[in-house]
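Enquirer: Quick one: structure below, then a few questions.
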Amino acid sequence: MDYIEVEARSVDEAINEALSKLKAGRDEVEVTVLEEGTKGFLGILGGKLARVRVEKKKPIQEVKLERAIEFTSELLRHMDISARVVGEASEEAIDLRIEGDDLGILIGRKGQTMESLQYLISLAVNRQDGEWMRINLDVGNYRSRREESLRALAYRAARRVQETGRRVALSAMSPAERRIVHQALNEFSGVTTQSEGHEPYRRVVILPK
């Protein structure tokens, strides 16, 4: 039961009864007063009971997920792009996916447009309250495919370092992509990684340990 309507002699009494039935605290619910209630003649005759609707608040993750899907769907409509927006929420982040055909315009060169969209969605979702949640946006499974490609690239380069004993510098990557490479090789035997250079030309270098 997520909500309940209760009648009592006063609004406070009705709220307290509803909280007891919902087994919830006052800060966990939203209250709508449907009837203020009135006292009858001499406080006895002809009075009306107060009536309230008390509803449990949705978890913040669920609220932000709904907000993210709604904002992204509206954004796509304004861009005249036909696509489906789906997502999942966890304690740490919201994973949002845009699914459809011909979504290259939303991905951009090396995923730059997708990263900009992710930032925009993050601002829209988080600006209304004080609790910040990370937004992870994937368009047409680009991010998943890119992560697999980066891991494969990292493993090939690491094996080359093992075989030659010489460092290998990868091409310039975004901070998120560099993080994937660092994590992929974190426990790779005989090599270590570091980032060198300045944005937007900063790159991962793989060195013998």
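The values are calculated or read from the model by the stated rules, or taken from the named source; none is laboratory data. Keep in mind that this is a model prediction, so the values were computed, not measured. In this analysis, Cβ positions are derived from the backbone assuming ideal geometry, glycine residues included, and neighbour counts consider all displayed protein chains.
Enquirer: Only one of Gln162, Gln128, Gln118 is in contact (Cβ under 8 Å) with a residue 24 or more places away in the chain and assigned by TED's automatic domain parsing to the domain that holds Leu76. Can you tell me which? Talk me through it step by step, then tell me what you get.
Expert: Numbers: Gln162 fails: assigned by TED's automatic domain parsing to the domain that holds Leu76; Gln118 fails: in contact (Cβ under 8 Å) with a residue 24 or more places away in the chain.
Testing whether each residue is in contact (Cβ under 8 Å) with a residue 24 or more places away in the chain and assigned by TED's automatic domain parsing to the domain that holds Leu76 leaves just Gln128.
Enquirer: Quick check: anything in the stretch 37-46 assigned to a helix (DSSP H, G or I) and farther than 27 Å from Glu147 by Cβ?
Expert: no
Enquirer: Looking at Lys23, is it without any contact (Cβ under 8 Å) to a residue 60 or more places away in the chain, on the phi < 0 side of the Ramachandran plot and surrounded by fewer than 17 Cβ atoms within 10 Å (Cβ to Cβ)?
Expert: No, not satisfied.
Enquirer: Restricting to the stretch 168-190, what's the tally of residues that are modelled with pLDDT under 95 and over 29 Å from the mean Cα position of the chain (by Cα)?
Expert: 4
Enquirer: Suppose we keep only residues that are surrounded by 13 or more Cβ atoms within 10 Å (Cβ to Cβ) and in contact with a Gly (Cβ under 9 Å, 6 or more places away or on another chain) within the stretch 26-41. Which one would you say is farthest from Val54 (Cα to Cα)?
Expert: Per the stated criteria, the residue is Lys39.
Enquirer: Related question: Of the conditions (1) aliphatic (A, V, I, L, M); (2) in contact with a strand residue (DSSP E or B) (Cβ under 6 Å, 6 or more places away or on another chain); (3) touching a residue at least 40 places away in the same chain (Cβ under 8 Å), Val181 satisfies every one except a single condition; which number is it?
Expert: All conditions pass for Val181, except number (3).
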